[in-house]
Structure formats: structure tokens, C-alpha cells
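The values are calculated or read from the model by the stated rules, or taken from the named source; none is laboratory data. Since the structure is predicted, the reported quantities are computational estimates derived from the model, not experimental observations. Here the Cβ is made from the backbone with ideal geometry for all residues, glycine too, and neighbour counts use every protein chain on show.
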Amino acid sequence: MNEYFLIAKIDSAYGKEGFVKISSFSDFPERFLHLQKVYIDFFDDKKEFFVENALKKKKGLILKFKNFDSQDDVQILIGKEIFVDERNLTPIPEDQYYIHDLIGSKVYRNGIALGIIIDVLSYPANDVYVIDSNGKEILVPAALEFIERFDPKNKVLILKPGDSLYEDDED
């Protein structure tokens, strides 16, 4: 079974030659300049599309798909999400991980199971892991000062030993 990863959304037609303007969800927007194929979601079914051209403009990125040659042709694509399969994920540096690698990971601290990562929040300073600990949310900065190691293969995050936790204070 193929796994697909969301990288962008089609916002609008761009010009009259079949280009579309996209919003990138990728940390690597330059990836679009080298993509050869993507998948677009139609009613929970991923359809393969071939990228004919990709350009970076002042106001963002635009793509042209094979056999979509006019503004009318691309109308059906507006609002759709763009995905890649695992083979087309952009390689990332060592000690960095995709969000999908982190979600569902078991978290341990001081040898005790703390919970499971249910979300990753992106902030300017650093990302924050949202951990479900028996119905309570614990927030942990994704910073080396808090993380001992992460094993993406076994989906296990080990936090450094310590006393303080970052529980959500909305009780």
C-alpha cells in the first residue's frame, strides 16, 4: 500500500496556459522545481499527475501539469491537495525528521512511558511536540536540550531526565 504525504494545495489558475498557483506546506519549497510527478486527491483517491513545468514567482510557486493547457482545464484542480509518495520525499539532514515519523511515537522520560506524540506544532523558535499522556496534553519543545534520542524505525522518543514537564494549563 502506498503512503502519501501532503506537500501543497492548489490555490488558483495562473495565466491562460494551464499553470496553477500553489501554497506549499513543505519546508523545502525548492523541491517543486525538480518534481516529475505528484498525486492529487479526488474523493479520497490519489490520481497521478505529471509535472510539465514548475516556476518560482515573486508571489509564490506555480506548476503546470501535463495535458492541462488552459485556464479552463485547471478549474477542476483548484482547491485540491497535492501529495508525493515516499520515493519522492525530499531527503532531510541527519537528526531532523518528518512530522509523520514523529506522530504516533511513544515517549519515555526517566525510564517511564509518558505518552504518545499526537501532533507537532510549528513555531518560529522551534517545533513543539504535543504528547497525549492519559488524556492530558504535555508540550515539549523539539530542542536538543530536552531530547536524548529519537528512533524513527521503532517510533520511540527518549526525553532527557529531569523534573519539569510542560503540561497544558487549561485544567
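I'm checking my understanding of the structure. Among residues of segment 23-39 that are in a strand (DSSP E or B) and among the small types (Gly, Ala, Ser), which one is nearest to Phe5 (Cα to Cα)? Show your work before the answer.
Taking segment 23-39 as the starting set, the residues that turn out to be in a strand (DSSP E or B) are 23-24, 37-39.
Going one step further and asking which of them are among the small types (Gly, Ala, Ser), we end up with 23-24.
Working: Ser23: 15, Ser24: 12 Å.
Per the stated criteria, the residue is Ser24.
Looking only at segment 40-73, count every residue that is over 16 Å from Glu3 (Cα atoms) and charged (D, E, K, R) and tell me the total.
10
Is segment 5-13 home to any residue that is more than 21 Å from His100 (Cα to Cα), buried (at least 18 other Cβ atoms within 10 Å of the Cβ) and within 17 Å of the chain's Cα centre (by Cα)?
First, pick out the residues of segment 5-13 that are more than 21 Å from His100 (Cα to Cα): 10-13.
Next cut, buried (at least 18 other Cβ atoms within 10 Å of the Cβ) only: 10, 13.
In the following step, the residues that additionally are within 17 Å of the chain's Cα centre (by Cα) were identified as 10.
Yes, segment 5-13 contains at least one residue that is more than 21 Å from His100 (Cα to Cα), buried (at least 18 other Cβ atoms within 10 Å of the Cβ) and within 17 Å of the chain's Cα centre (by Cα).
Inspect segment 39-56 for any residue being of a type outside the set (Gly, Ala, Ser), exposed (fewer than 13 other Cβ atoms within 10 Å of the Cβ) and under 15 Å from the mean Cα position of the chain (by Cα) and give the result as yes or no.
no
What about Asp101, is it outside any helix (DSSP H, G or I) and either at pLDDT below 90 or farther than 30 Å from Gln36 by Cβ (or both)?
Numbers: outside any helix (DSSP H, G or I): no; either at pLDDT below 90 or farther than 30 Å from Gln36 by Cβ (or both): yes.
So Asp101 does not fit the description; no.
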